[in-house]
1. Does residue 111 qualify as being hydroxyl-bearing (Ser, Thr, Tyr), open to solvent by 20 Å² or more (accessible area, probe 1.4 Å), within 30 Å of residue 156 (Cα to Cα) and under 29 Å from the mean Cα position of the chain (by Cα)?
2. Restricting to region 42-83, name every residue that is closer than 15 Å to residue 24 by Cβ, without any contact (Cβ under 8 Å) to a residue 40 or more places away in the chain, part of a helix (DSSP H, G or I) and open to solvent by 60 Å² or more (accessible area, probe 1.4 Å).
3. Any residue at all in region 244-262 that is polar (S, T, N, Q), open to solvent by less than 60 Å² (accessible area, probe 1.4 Å), outside any strand (DSSP E or B) and closer than 17 Å to residue 157 by Cα?
4. Can you tell me which residues in region 185-224 are out of contact with any strand residue (DSSP E or B) (no Cβ under 7 Å at 6 or more places or on another chain), of a type in the set (Gly, Ala, Ser) and either under 14 Å from residue 147 (Cβ atoms) or in a loop (DSSP other than H, G, I, E, B) (or both)?
5. Please pick out the residue among 135, 116 that is in contact with a helix residue (DSSP H, G or I) (Cβ under 8 Å, 6 or more places away or on another chain) and either polar (S, T, N, Q) or part of a helix (DSSP H, G or I) (or both).
6. Given (1) open to solvent by 50 Å² or more (accessible area, probe 1.4 Å); (2) touching a residue at least 40 places away in the same chain (Cβ under 8 Å); (3) not in a helix (DSSP H, G or I), identify the lone condition not met by residue 86.
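The values are calculated or read from the model by the stated rules, or taken from the named source; none is laboratory data. Because the structure is a prediction, the values reported are computed rather than measured. Neighbour counts are summed over all protein chains in view; Cβ atoms, including those assigned to glycine, are modelled from backbone coordinates with ideal geometry. Remember, those area values only see protein heavy atoms, side chains included, never the ligands or the DNA or RNA. Shrake-Rupley method; radii C 1.70, N 1.55, O 1.52, S 1.80 Å.
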Amino acid sequence: MDIRWLLIALHETKGVGRKSIARLMMEGMLTEETMIYKGRDWEDYGFSAEISERLVHNLTDSALRQKIEERELDPFIQTLTILDSSYPALLKESPDPPLVLYVRGNSDLLTRPGIAMVGTRIPTAYGRKMGGELAQGLCAGGLNVVSGLARGIDSICHEAALSCGGGTIAVMATGMDVIYPPENRALFAKIIKDGLIVTEYPPGTKPHPGLFPQRNRIIAGLSLGTLVVEADERSGSLITADAALDAGRDVFAVPGPVTSPKSRGALNLIRQGAKMVCGAADILEEYVSWLPKGYENTYNREVQVKKIQSNEEGHLTTDELRLYHILEQGPFTLDELLQHSRWDFGHLHSVLLSLIIKKQITQLPGAIYKTI
């Protein structure tokens, strides 16, 4: 009997956690002899009578062969274990790697370098814009986009990566057959076709609040670094940033308007030492040696775009930049801009007119303004 199937059976036994399995592996308990253990043997090892009974039932030769046959009937889902040579190397180096992974889609993406992109589930217009542009820029540079299939920034980054033919990996906090959130069924189908779905949870696992922080460590572990696009001070995406630090990976953050609560988490990360990201080149320049062959020209283009953007911003005055960054969260009415800017009407109108002339913003019917 292949020892990896013993590991899979242990992993799929309700009540047996990965720490218990890791202890069994460390103590050399993952052998064919395990299949002849009685309930009392497992109880002596510290498991409850109920869990011991499950282990006796699940670790028989016939039970394992039935499990293998069931998996062979579903060729679309591949089961990887930490014992396999195809297990992703970066993830294996992380502090708490999952012992078993279920994957569906293009598993070759596990061998390519990637960046985790995470953020708030309710992004502003600015967050949506930055998430999409950065995801496309990173994919153009040869990096996968790794995220969690959640609402908001996660979905935006997955969609943007797919739209330009880039690679994207979605890490789920449920079983492969339980799509969460339900409205992402169409996105799930797209990623299966052109990207990769990953989860450590067996089929049938339903969403639970405690599973999402655990999922985040896998997002960080699969990635060279983690980019927080937009997040408030209590955003769950900051857990992914912490996991990246625990794994010795880089942390990046997109600066946002200081007036926006949605930017405070990212701004705090920058204050604590995360690298500020204004364009894909800010990340690509950190991983030039990791970029696949043929992407060097794309990287150079991204650097050139970064320089052009810097020069364009240099043509804006301080007040114009401030108002532009406010409008990146918009669109906003004139009254709302008066409240956000705290300027008088005359000065606000002057700055708005200047930005329109410089083709940075546009006015919509009803005195509503937005960035171009």
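1. Considered against the rule, which asks whether it is hydroxyl-bearing (Ser, Thr, Tyr), open to solvent by 20 Å² or more (accessible area, probe 1.4 Å), within 30 Å of residue 156 (Cα to Cα) and under 29 Å from the mean Cα position of the chain (by Cα), residue 111 comes out as yes.
2. Of everything in region 42-83, those that are closer than 15 Å to residue 24 by Cβ, without any contact (Cβ under 8 Å) to a residue 40 or more places away in the chain, part of a helix (DSSP H, G or I) and open to solvent by 60 Å² or more (accessible area, probe 1.4 Å) turn out to be 43, 44.
3. Our first condition is that a residue be polar (S, T, N, Q); within region 244-262, this holds for 259-260.
Filter again for open to solvent by less than 60 Å² (accessible area, probe 1.4 Å), leaving 260.
Next, only the ones that are outside any strand (DSSP E or B) stay: 260.
Checking which are closer than 17 Å to residue 157 by Cα leaves us with none.
Scanning region 244-262, I find no residue that is polar (S, T, N, Q), open to solvent by less than 60 Å² (accessible area, probe 1.4 Å), outside any strand (DSSP E or B) and closer than 17 Å to residue 157 by Cα, so the answer is no.
4. Passing the criteria: 204, 210, 221.
5. So the residue among 135, 116 that is in contact with a helix residue (DSSP H, G or I) (Cβ under 8 Å, 6 or more places away or on another chain) and either polar (S, T, N, Q) or part of a helix (DSSP H, G or I) (or both) is 135.
6. Of the numbered conditions (1) open to solvent by 50 Å² or more (accessible area, probe 1.4 Å); (2) touching a residue at least 40 places away in the same chain (Cβ under 8 Å); (3) not in a helix (DSSP H, G or I), the odd one out for residue 86 is (2).
Residue-wise test of (1) of a type outside the set (S, T, N, Q); (2) within 23 Å of residue 113 (Cβ to Cβ).
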residue: 199; (1), (2): no, yes
residue: 217; (1), (2): yes, yes
residue: 229; (1), (2): yes, yes
residue: 247; (1), (2): yes, yes
residue: 251; (1), (2): yes, yes
residue: 255; (1), (2): yes, no
residue: 259; (1), (2): no, no
residue: 265; (1), (2): yes, no
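Matching residues to (1) at pLDDT below 90; (2) of a type in the set (Val, Ile, Thr):
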{"position": "239", "(1), (2)": "no, yes"}
{"position": "243", "(1), (2)": "no, no"}
{"position": "259", "(1), (2)": "yes, yes"}
{"position": "274", "(1), (2)": "no, no"}
{"position": "289", "(1), (2)": "yes, no"}
{"position": "302", "(1), (2)": "yes, no"}
{"position": "319", "(1), (2)": "yes, no"}
{"position": "330", "(1), (2)": "yes, no"}
{"position": "337", "(1), (2)": "no, no"}
